[in-house]
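Written out below as structure tokens is the structure these notes cover.
The values are calculated or read from the model by the stated rules, or taken from the named source; none is laboratory data. All of these numbers come straight from a predicted model, not from anything done at the bench. Counting neighbours? That spans all protein chains shown, and the Cβs are built from the backbone with ideal geometry, glycine included.
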Amino acid sequence: MRNEFDLSLYLVTDRGLSLGRSLKEVSEKALKGGVSMVQIREKEASTREFIMEVLDIKILLKKYNVPLIINDRVDVALATDADGVHLGQNDMPWRMARRLLGRDKIIGLSVESADQIEEANAADIDYIGISPVFTTPTKKELAKGLGLKGTAHIARLSRHPAVAIGGIKQENAREVLQTGVDGISVVSAICSAPDPEKASRELLEIITTKKSS
């Protein structure tokens, strides 16, 4: 049986945006604030450093019963027995990732345009990441955001649950949730916040209010 997951408030870590704090420290504060999934994204660290970091954070996430997702690196997900992996359009093809990871692991796939949704719908994956909603420095390779209209269009076409990412913060989270996505994924809104726990609580309150309305 595949691991259960909740896309409501999905944290993607970024060492460079964490104001000198460790990813573990930021993750722990965010978990206290109510994040429902954590994806470890590490572009600069060596493979060994990445693995050791993931193993350290994995212990923390187990305490909170929150899934651990690895960005891009199927090898790191395998080595650490993470709950899953999130793949970009230029990463390992999902078929290979599924074959390597097995039936029980979570696989997410980035969808960056409506043209990619047909393939995503046919894929044996668990969720899509609609990216980026707004222009953001964490997605330098994607010059233009999809906007609320483009995000809503992709969410409507997707047969998989969808999480939106890219430039989402407290000020626009409510609007993004109105596009029909199942959750929001944030980087700097939590990682760069002076108080990641408080920032997470504020975002969770917006999500909870939207779901109950």
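Details
- Failed item in (1) surrounded by 17 or more Cβ atoms within 10 Å (Cβ to Cβ); (2) farther than 21 Å from P67 by Cβ, with G129 passing the rest: (2)
- Number of positions in segment 82-140 that are assigned to a helix (DSSP H, G or I), in contact with a strand residue (DSSP E or B) (Cβ under 6 Å, 6 or more places away or on another chain) and acidic (D, E): 0
- Residue match in segment 172-189 (condition: assigned to a helix (DSSP H, G or I), within 16 Å of V26 (Cβ to Cβ) and not polar (S, T, N, Q)): yes
- Test result for S158, among the polar types (S, T, N, Q) and crowded, with 22+ Cβ neighbours inside 10 Å: no
Let's see how each residue does on (1) at pLDDT below 95; (2) of a type in the set (A, V, I, L, M):
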site	(1), (2)
K105	no, no
E118	no, no
I130	no, yes
T135	yes, no
V176	no, yes
D195	no, no
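- Residues that are buried (at least 24 other Cβ atoms within 10 Å of the Cβ) and outside any helix (DSSP H, G or I), drawn from segment 190-213: A193
- Sub-7 Å Cβ pairs linking a first residue in segment 109-133 that is aliphatic (A, V, I, L, M) to a second residue that is surrounded by fewer than 19 Cβ atoms within 10 Å (Cβ to Cβ) and at pLDDT below 95, at least 6 apart or interchain, are V133/G145, ordered by first then second residue.
- Residue within segment 87-106 that is touching a residue at least 60 places away in the same chain (Cβ under 8 Å), out of contact with any Cys (no Cβ under 7 Å at 6 or more places or on another chain), surrounded by fewer than 19 Cβ atoms within 10 Å (Cβ to Cβ) and of a type in the set (D, E) present: yes
- Counting only residues that are more than 17 Å from V12 (Cα to Cα) and either among the basic types (K, R) or out of contact with any Ser or Thr (no Cβ under 8 Å at 6 or more places or on another chain) (or both), segment 163-201 holds 7 of them.
- Residue count for segment 30-73, restricted to those that are part of a helix (DSSP H, G or I), buried (at least 20 other Cβ atoms within 10 Å of the Cβ) and of a type in the set (A, V, I, L, M, F, W, C): 6
- Among (1) closer than 28 Å to A152 by Cβ; (2) in contact with a helix residue (DSSP H, G or I) (Cβ under 8 Å, 6 or more places away or on another chain); (3) β-branched (V, I, T), the one test that I106 misses: (2)
- Residues satisfying the stated conditions in segment 28-86, i.e. of a type in the set (S, T, Y) and either closer than 17 Å to I107 by Cβ or over 14 Å from the mean Cα position of the chain (by Cα) (or both): S46, T47, Y64, T80
- Total residues in segment 1-26, condition touching a Leu at 6+ places or on another chain (Cβ under 7 Å) and over 27 Å from K211 (Cα atoms): 2
- Members of segment 15-29 that are charged (D, E, K, R) and either surrounded by 22 or more Cβ atoms within 10 Å (Cβ to Cβ) or in contact with a Pro (Cβ under 7 Å, 6 or more places away or on another chain) (or both): K29
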